[in-house]
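Worksheet for the structure shown next.
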Amino acid sequence: MNLQTQQETGSRLAWLRSWQPRSLHCDAMSLPAEMYFSPDIYRLEQQHVFGKHWYYVGHISQLEEAGSYFTVDIAGQPLIILKNRVGELRAFFNICTHRAGPLALGSGKCNHLTCLYHAWSFDLDGNLRGIPDMEAAENFDTADYGLAPVQIDTWGPFIFVNPDLNAPPLAVQLGDLPDLFQRYQLDTWRRVHTIDYWVDANWKLYVENNAEYYHEPIVHPCLLRYYKHNTAEARHYHYLQYTPVLTEDDRWFLADPGYYIPGLTPEEMERIAVMSFFPNFAWILSPGHAIIYLIDPQGPTRTRIRWEWLVPNTAIATAEENVQPLVEFGDKIQKEDLLLLPEIQKRVQAIGYKPGRLSPTKEMGTHLFQEFIMKAIQRGEGKG
């Protein structure tokens, strides 16, 4: 980026420097339009949100044994997630240190990583081991050309990464979430179905929608009966919503103990938990099934959302006749949201858009998420 371009970008985003946190009850507003389509904002989010925080990349079942790997591109950042020769988790930028070729595509099993461009080879701890036709290179120390590492950790079966090698541990960002949900024993559940959804909308619109239930009776008529019974809170890095089990149809999982996870409290057996964890992880969790979200910004106005269905690892819960209705119901809810979000995207880019007030009782999750986004960008840009 040349000086003129930097100055032009700085001028366009001058309002960022003057942004101040707002009280949810007194003056909380939705974000300015530029936050939802500006390439400059997207770049800042790559650097200061996905470059400085723990974010979700996949399920541990994607790595079955030592040497297993899978690749992901979250917010435009190519990563390779793997188990090394002794089964330890490792994560690296999927960028060869020669001339930026990919080390792998998709998923699989390997003993080493070989660049698909010029065949530089690395062991599974990221060290450069093979360098064809480089004998004439002087002042070349292979130790200086290892793969760029990324912090990696897990919460149960869920894998998170953080490109900032100096960032605090994942546990700091998680806060008390593991304690709140430890009785669900999610590392014992089985991943039974996966769908990738795409929407022509900024990723934040999807997260904001998922972190409030204000829209539910309008966008999802089948959820209307739960609206006045929902409870929600937003604190630390998460939004948490509880929807009660109201009817016998909601208690379908009680038909057989194999449908639900044992050891839950009576309160946990009577509710569904909707959780959104900054920046890109979320779930819908009941005693008998879970939908896990991976939210992936693919550009300023394009988002990929991976939904994965988990159920207790029993024969009756994993049977197709149980899984298929769960998938169909979740898919219906998802598509209702995805039908509306491009319409919202179009309107935030219109000259008639201006930020509106947030509901203090229904949009606390949206407000918390927006505050985190703005604070992360300001910190990264030297303010705050």
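Values in this text are rule-based calculations from the coordinates and carry no lab data. These numbers come from a predicted model, not from an experiment. Positions of Cβ are generated from backbone atoms using ideal geometry, with glycine treated the same way; all protein chains shown enter the neighbour counts.
For the chain, what does the helix formula give at 222 nm: sum of -39500 (n - 2.57) over DSSP H segments with n ≥ 4, over the residue count, nearest 500 deg cm²/dmol?
Here the helix-only value at 222 nm equals -7500 deg cm²/dmol.
If you place +1 on the Cβ of every Lys and Arg, -1 on the Cβ of every Asp and Glu, and leave all else neutral, what size is the dipole of the chain about its Cα centre, to the nearest 20 Debye?
For the chain, the charge dipole is close to 980 debye.
Two numbers describe the Cα atoms of the range 1-130: Rg and Dmax, which are 19.9, 61 Å.
Counting 0.36 nm for each residue step from Ala100 to Trp19 and taking away their Cα separation leaves a gain of 25.5 nm. Here's the picture: a label point sits 7 Å out from the Cα of Cys222 along the beta-carbon direction, and within the range 332-367 the residues with their amide nitrogen under 20 Å of it are 332-341. Note on the range 55-166: the alpha carbon radius of gyration divided by the globular reference 2.2 N^0.38 Å gives 1.06.
Springs join every pair of Cα atoms under 10 Å in this Gaussian network model of the chain, and among Arg191, Arg304, Arg17 the largest mean-square fluctuation is at Arg17.
Take Glu212, Glu381 and order them by how many other Cβ atoms sit within 10 Å, fewest up front.
With the fewest neighbours first, Glu212, Glu381 line up as Glu381, Glu212.
The Arg43 and Leu180 beta-carbon pair, evaluated with R₀ = 41 Å, returns a calculated FRET efficiency of approximately 0.75.
Of all lysines in the structure, the ones whose alpha carbon falls short of 30 Å from that of Lys83, not counting any fewer than 8 places away in one chain, are Lys52, Lys109.
Under Stokes-Einstein, with the Kirkwood radius over Cα pairs as Rh, the value for the chain at 37 °C and 0.692 mPa s is 145 µm²/s. Here Ile195 and Asp133 are evaluated by their C-beta separation; at R0 = 51 Å the FRET efficiency comes out at 0.70.
Full extension of the chain between Asp249 and Asp73 gives 59.4 nm of extra length, using 0.36 nm per residue less the Cα-Cα distance. Would you work out which of Trp189, Tyr237, Ile292 lies farthest towards the positive end of the dipole of the range 175-374? Charges go on Cβ: Lys and Arg +1, Asp and Glu -1. So the residue furthest toward the plus end is Tyr237. Percent relative contact order of the range 38-146, based on C-alpha pairs within less than 8 angstrom and at least six residues apart? The value is 17 percent. When the Cα positions of Pro178, Leu326, Val199 are compared along the charge dipole of the range 175-374, Val199 comes out farthest toward the positive end, with charges on each C-beta of Lys, Arg, Asp and Glu. Based on Cα contacts under 8 Å between residues 6+ apart, the range 198-288 shows a relative contact order of 24 percent.
When DSSP beta bridges are limited to those with both residues in the range 1-140, what percentage is antiparallel, rounded to the nearest 5? Intermediate results must be reported in sequence, preceding the final value.
On the way: 18 of 18 bridges.
So the antiparallel bridges amount to about 100 percent of the total.
By the count of neighbouring beta-carbon atoms within 10 Å, fewest first, Trp307, Trp15 end up ordered Trp15, Trp307.
Apply 1/(1 + (r/R0)^6) to the Cβ-Cβ distance of Arg347 and Asp27, taking R0 = 25 Å, and write down the FRET efficiency to the nearest 0.05. Once rounded, the FRET efficiency stands at 0.65.
Taking Cβ separations below 4.7 Å as the criterion for a possible disulfide partner, the isolated cysteines in the chain are Cys26, Cys110, Cys222. Comparing Val161, Trp54, Leu224 along the charge dipole axis of the chain, the residue lying farthest to the positive side is Leu224, per the Cβ-charge model. Cβ crowding within 10 Å, taken as a proxy for footprinting-reagent exposure, orders Ser30, Ser61, Ser286, Ser107 from fewest neighbours to most as Ser61, Ser107, Ser30, Ser286.
Here the Gaussian network model covers the chain, with springs between Cα atoms less than 10 Å apart; of Phe158, Phe329, Phe93, Phe329 fluctuates the most.
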